[in-house]
Amino acid sequence: MTKLSVNVNKVALLRNQRDLTFPSVVGMGRIALEAGAFGVTVHPRPDQRHIRRDDVPAVAALLAEERWADREFNIEGNPLIEGHLMPLMRAHRPTQATLVPDSVDQNTSDHGFALDDPAVIAALKPIVAELKDLGCRVSLFVDPEPEVARRAVETGADRVELYTESWARAFGTDQERALLDAYAATSEAVVAEGLGVNAGHDLNLHNLGRFLSEVPHVAEVSIGHALVADALTMGMAAAVRAYLDVIASV
């Protein structure tokens, strides 16, 4: 069954509105794990608009507890921003390193790596090699473009993460069939190269089931904004269980 990693960035965003320690990123991550989430994801950005640098060791310590030995810590971000992401990766060695080509001033991630550019491949290869030497599984953010995404294998990455905002925008419109076909073809293409497949961005309780039923081989989904929004009305544990129910129903 596809596994669920809960992105706690929006918990941190709410906390950061005041000079307080709550809601607790670690506390909400713990509730998510207790409810059955397979992992916790953080995406620190240089301006610390949500996840702060000191949140990363705190979440790492949570996942290092013996009771969570079978769960995963996922750090995502742009490794090409000098002095930002890689020191955190070296210090905390997450289970998975998800590399995302977001810029410093982006509100949120909005595209995958341009893997059809040899310079991008060349820049990523030593980073991927270092992360794998640290013991991390490495996943690259990609758009639903089979010919581009399959080149992820040239970087040495283990997986790709399908960037799913375009699916979320197409859901319920006459474009959804074409988008699902593109995602399915991309997943098949990268699996044929020996890579695994993750997915994430703007997945929610309404569009997740259709996506997973149509796109094969998805090992993991990372969900943050929608799940945390649902948690405001349902509670974190109930929200996690609701997403797990959708996944299990596929």
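Please work out if LEU4 is assigned to a helix (DSSP H, G or I) and crowded, with 17+ Cβ neighbours inside 10 Å. Can you show your working first?
Working: assigned to a helix (DSSP H, G or I): no; crowded, with 17+ Cβ neighbours inside 10 Å: yes.
For LEU4, the condition - assigned to a helix (DSSP H, G or I) and crowded, with 17+ Cβ neighbours inside 10 Å - is not met.
Is it the case, given these coordinates, that GLU130 is touching a helix residue (DSSP H, G or I) at 6+ places or on another chain (Cβ under 7 Å) and either surrounded by fewer than 18 Cβ atoms within 10 Å (Cβ to Cβ) or in a loop (DSSP other than H, G, I, E, B) (or both)?
Values: touching a helix residue (DSSP H, G or I) at 6+ places or on another chain (Cβ under 7 Å): no; either surrounded by fewer than 18 Cβ atoms within 10 Å (Cβ to Cβ) or in a loop (DSSP other than H, G, I, E, B) (or both): yes.
In short, no.
Keeping to the stretch 216-250, report how many residues are within 14 Å of the chain's Cα centre (by Cα), closer than 13 Å to LEU4 by Cβ and not β-branched (Val, Ile, Thr).
Step one: filter the stretch 216-250 for residues within 14 Å of the chain's Cα centre (by Cα), giving 218-227.
Filter again for closer than 13 Å to LEU4 by Cβ, leaving 218-224, 226-227.
Next, from what is left, pick out any that are not β-branched (Val, Ile, Thr): 219-220, 222, 224, 226-227.
So the count comes out to 6.
When residues of the stretch 33-68 are filtered for being more than 19 Å from the chain's Cα centre (by Cα), outside any loop (DSSP other than H, G, I, E, B) and under 21 Å from LEU14 (Cβ atoms), how many remain?
So the count comes out to 1.
Can you find, within the stretch 185-221, the residue that is nearest to THR164 (Cα to Cα) among those that are in contact with a strand residue (DSSP E or B) (Cβ under 6 Å, 6 or more places away or on another chain) and of a type in the set (Val, Ile, Thr)?
VAL221
Exactly one of these conditions fails for HIS92: (1) surrounded by fewer than 16 Cβ atoms within 10 Å (Cβ to Cβ); (2) more than 23 Å from ALA231 (Cα to Cα); (3) at pLDDT 95 or above; (4) in contact with a helix residue (DSSP H, G or I) (Cβ under 8 Å, 6 or more places away or on another chain). Give me its number.
Of (1) surrounded by fewer than 16 Cβ atoms within 10 Å (Cβ to Cβ); (2) more than 23 Å from ALA231 (Cα to Cα); (3) at pLDDT 95 or above; (4) in contact with a helix residue (DSSP H, G or I) (Cβ under 8 Å, 6 or more places away or on another chain), only one is false for HIS92: (1).
How many residues does the stretch 169-200 hold that are assigned to a helix (DSSP H, G or I) and either among the charged types (D, E, K, R) or on the phi > 0 side of the Ramachandran plot (or both)? Steps first, answer last, please.
Applying the first criterion (assigned to a helix (DSSP H, G or I)) to the stretch 169-200 yields 169-170, 176-192.
Okay, now just the ones that are also either among the charged types (D, E, K, R) or on the phi > 0 side of the Ramachandran plot (or both), so 169, 176-177, 181, 188.
Total satisfying the criteria: 5.
Which residue is surrounded by the most Cβ atoms within 10 Å (Cβ to Cβ), if the candidates are limited to the stretch 195-215 and must be among the polar types (S, T, N, Q) and more than 17 Å from ASP143 (Cβ to Cβ)?
Filtering the stretch 195-215 down to residues among the polar types (S, T, N, Q) leaves 198, 204, 207, 213.
Those still in the list that are more than 17 Å from ASP143 (Cβ to Cβ) too: 204, 207, 213.
Values: ASN204: 16, ASN207: 20, SER213: 11.
My answer is ASN207.
Give me the residue from the stretch 23-80 that is touching a residue at least 40 places away in the same chain (Cβ under 8 Å) and of a type in the set (Gly, Ala, Ser) and, out of that set, farthest from GLN96 (Cα to Cα). Walk me through how you get there before you give the answer.
Here is the first cut: in the stretch 23-80, the ones touching a residue at least 40 places away in the same chain (Cβ under 8 Å) are 28, 31-32, 34-39, 41, 43-47, 50-52, 55, 59, 72, 74, 76, 79-80.
Right, trim to of a type in the set (Gly, Ala, Ser) and you get 32, 35-37, 39.
Numbers: ALA32: 18, ALA35: 21, GLY36: 18, ALA37: 15, GLY39: 10 Å.
Per the criteria, the residue is ALA35.
Working carefully through the options VAL138, VAL120, find the one that is within 18 Å of the chain's Cα centre (by Cα) and either assigned to a loop (DSSP other than H, G, I, E, B) or modelled with pLDDT of 95 or more (or both).
VAL138
Within the stretch 224-236, is there a residue that is closer than 30 Å to ALA123 by Cβ and surrounded by 18 or more Cβ atoms within 10 Å (Cβ to Cβ)? Don't jump to the end; show me each part of the working.
Let us first name the residues in the stretch 224-236 that are closer than 30 Å to ALA123 by Cβ, namely 224-225.
Among the residues that remain, those that are also surrounded by 18 or more Cβ atoms within 10 Å (Cβ to Cβ) are: 224.
Yes: one or more hits.
The values are calculated or read from the model by the stated rules, or taken from the named source; none is laboratory data. Note that the coordinates shown come from a computational prediction; the quantities given were computed from them, not determined experimentally. No Cβ is skipped: glycine too gets one built from the backbone with ideal geometry, and neighbour counts run over all protein chains shown.
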